[in-house]
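J.: Questions regarding the structure given below will be posed in turn.
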């Protein structure tokens, strides 16, 4: 069975151990975490994080230390990232609503769902099949510090040296809580409802708190960064996405020159010729380990060319014929990829047709 998934191939030098292999990076599409009905082709993104009242949002901001515009910017970054990530997938045509609905700014729980009359009105207005809503959003940025010995450079040029002085170690912890609902007007069903809590930690150290504060990320950028993490996570939940995977390609030992010859051919994109070279290597007298590496490389060549069936066969041969344990692991990985590919094809059926 020939694979229909396209690859982007990059070869970037020797492996960590450097002496006998190179690393090949492939882009492969993995399925969405959930399968959205295929009749959903045009998807509307809606921001429902406008405050219920400006006065309440100001009071809440004072209590939490977060200004409403800061939270709004973080929510905007979250939804923008959802849109950007979905646009990298062939799954949907994504439309962004112009209006910002009142709902869950600073909210810890989901607000009452939008009515189906509201959802259907949005669908008619934007000519879409379903509506994805950022229903609630809250953020926080906490800074802590403690005394610590830090390094300081004194002197200049050849006379410079480092000494340790008492200073301040500062940490900034940003967190967001973002809640999404996926409304399916076809069935009048909230197809998906999920909340993402994301955090990230930054640090800086210097002699004084003022120097630390200047070096540490500010809370506006920090909460936007974590909001983007939440947005990217949700996009992967509902759409097949490309991910990078790494493979090992062997080019030694020198006792079998076909290994290196095939590797050189692969590095210039001549994968069919590379496979032929590795087959020639198998016809020579080999140690079992060399035969395993040749079979492994042949499997890699077939994977790059999209023939997963042959890739799995040759990865299996590396183990069964030559006892090369990495071949067994690779064969299992190819089997898992074949299952994933079938799911991706199902999730993209409408697009392919």
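J.: For region 42-239, give the share of DSSP beta bridges that are antiparallel, in percent and rounded to the nearest 5; count only bridges with both residues there.
T.: 75 percent
J.: While we're on this one: Sorted by mean Cβ packing within 10 Å, highest first, what order do the peptides 208-215, 255-262 take?
T.: Per-residue mean Cβ counts within 10 Å order the peptides as 255-262, 208-215.
J.: Follow-up. Report the FRET efficiency, 1/(1 + (r/R0)^6), for residue 42 and residue 88, where r is their Cβ-Cβ distance and R0 is 22 Å, rounded to 0.05.
T.: 0.80
J.: Continuing with this model, one more query. Considering Cα pairs under 8 angstrom that are at least six residues apart, work out the relative contact order of the chain and quote it in whole percent.
T.: So the answer I get is 21 percent.
J.: Using helices alone, what [θ] at 222 nm do you get for the chain, with -39,500 (n - 2.57) per DSSP H run of 4 or more residues, divided over all residues and rounded to the nearest 500?
T.: -13500 deg cm²/dmol, from helical runs alone.
J.: Same structure again: Given just the C-alpha atoms of region 42-239, how large is their convex hull per residue in cubic angstrom?
T.: 142 Å³
J.: Of [x] 27, 26, 20; [y] 47, 35, 14; [z] 42, 22, 17, which one was derived for semi-axes √(5λ) of the Cα gyration tensor in Å from the structure shown?
T.: The value computed from this structure is option [y].
J.: Using Cβ contacts closer than 10 Å as the measure, can you line up 236, 161, 326 from fewest to most?
T.: The order, fewest Cβ neighbours first, is 161, 326, 236.
J.: Continuing with the same structure: Hey, can you rank 20-29, 121-130, 223-232 by average C-beta count inside 10 Å, highest first?
T.: Top to bottom by mean Cβ count within 10 Å: 223-232, 20-29, 121-130.
J.: How would you rank 102, 221, 91, going from fewest to most other Cβ atoms within 10 Å of each one's own Cβ?
T.: Final ranking by Cβ density, sparse to dense: 102, 221, 91.
J.: On to the next question. Highest first, please rank the peptides 131-138, 275-282 by the mean number of other Cβ atoms sitting within 10 Å of their residues.
T.: Descending mean neighbour count gives 131-138, 275-282.
J.: Using only Cα atoms and rounding to the nearest 10 degrees, what angle (0 to 90) does helix 116-126 make with the longest principal axis of the chain?
T.: Once rounded, one gets 70 degrees.
J.: Kindly state, to the nearest 0.05, the FRET efficiency for residue 197 paired with residue 243, given R0 = 22 Å and r defined as their beta-carbon distance.
T.: 0.45
J.: Tell me, 182, 69, 191 in order of fewest to most beta-carbon neighbours within 10 Å?
T.: Going from least to most buried by this count: 69, 191, 182.
Bear in mind these aren't lab numbers, they're just calculated from the coordinates by the rules spelled out. The structure displayed is predicted, hence computed values, not measured ones. Using ideal geometry, Cβ is built from the backbone for each residue, glycine included, and neighbour counts are taken over all protein chains shown.
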